[in-house]
Amino acid sequence: MTADEFRKIALELPDAVELGHMDHPDFRVRGKVFATLGYPNDEWGMVKLAPDEQLALCAAKPKVFVPVKGAWGRGGATNVRLDVANVKAVREALSLAYTRSLSKEKRSR
C-alpha cells in the first residue's frame with residue numbers, strides 16, 4: 001500500500017477531509033482527527049483506535065499494526081506499516097477510527 005492509497009481510502013469516508021497537523025497530513029471528520037500519514041516517517045500511517053480495537057488488530061496483523069510508543073499508543077494510537085498493509089486491513093482500521101471519532105463528537109455535545 002502507498003500513502004496515496006491510504007489517503008484515498010480515508011477520503012472515501014463520508015465528510016472526511018485532509019488537513020495538516022505537526023507537519024503531517026491528517027484526516028478528520030467534523031474536526032476530529034482519526035488518522036495521519038508520515039509518522040514516524042513516510043513508511044507509516046496512524047489510526048486512532050480504542051485500546052481494545054488496537055489490541056485486536058495488532059494481534060491479528062502484527063507486521064502491519066503497531067501501537068504508537070508512549071501514552072498515545074496506550075490510548076489506542078496505532079501505526080500502520082504501509083509497505084506490508086493491504087486495502088482490506090487499512091479500510092477496516094480507518095473505518096474503526098472514523099467511527100470512534102464520530103462517537104466522540106456525539107458525546108461532547
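Could you please let me know if R100 is within 18 Å of D26 (Cα to Cα), charged (D, E, K, R) and in contact with a Lys or Arg (Cβ under 7 Å, 6 or more places away or on another chain)? Considered against the rule, which asks whether it is within 18 Å of D26 (Cα to Cα), charged (D, E, K, R) and in contact with a Lys or Arg (Cβ under 7 Å, 6 or more places away or on another chain), R100 comes out as yes. Counting only strands (runs of 3 or more DSSP E) that fall entirely inside the range 31-87 and contain at least 1 residues that are surrounded by fewer than 20 Cβ atoms within 10 Å (Cβ to Cβ), the qualifying elements are 32-37, 65-67, 77-81.
Restricting the range 3-35 to residues that are among the small types (G, A, S) and in contact (Cβ under 8 Å) with a residue 12 or more places away in the chain, the residue that is farthest from A89 (Cα to Cα) is G31. Scanning the range 80-101 finds one or more residues that are over 20 Å from E12 (Cβ atoms) and touching a strand residue (DSSP E or B) at 6+ places or on another chain (Cβ under 7 Å). Scanning the range 10-25 finds no residues that are of a type in the set (V, I, T) and surrounded by 15 or more Cβ atoms within 10 Å (Cβ to Cβ).
The numbers here are math on the coordinates, done by the rules we state, and not lab data. Just so we're clear, the structure is a prediction, and the values are computed from it rather than from any experiment. So basically every Cβ, Gly included, is an ideal-geometry build from the backbone, and we count neighbours across all protein chains shown.
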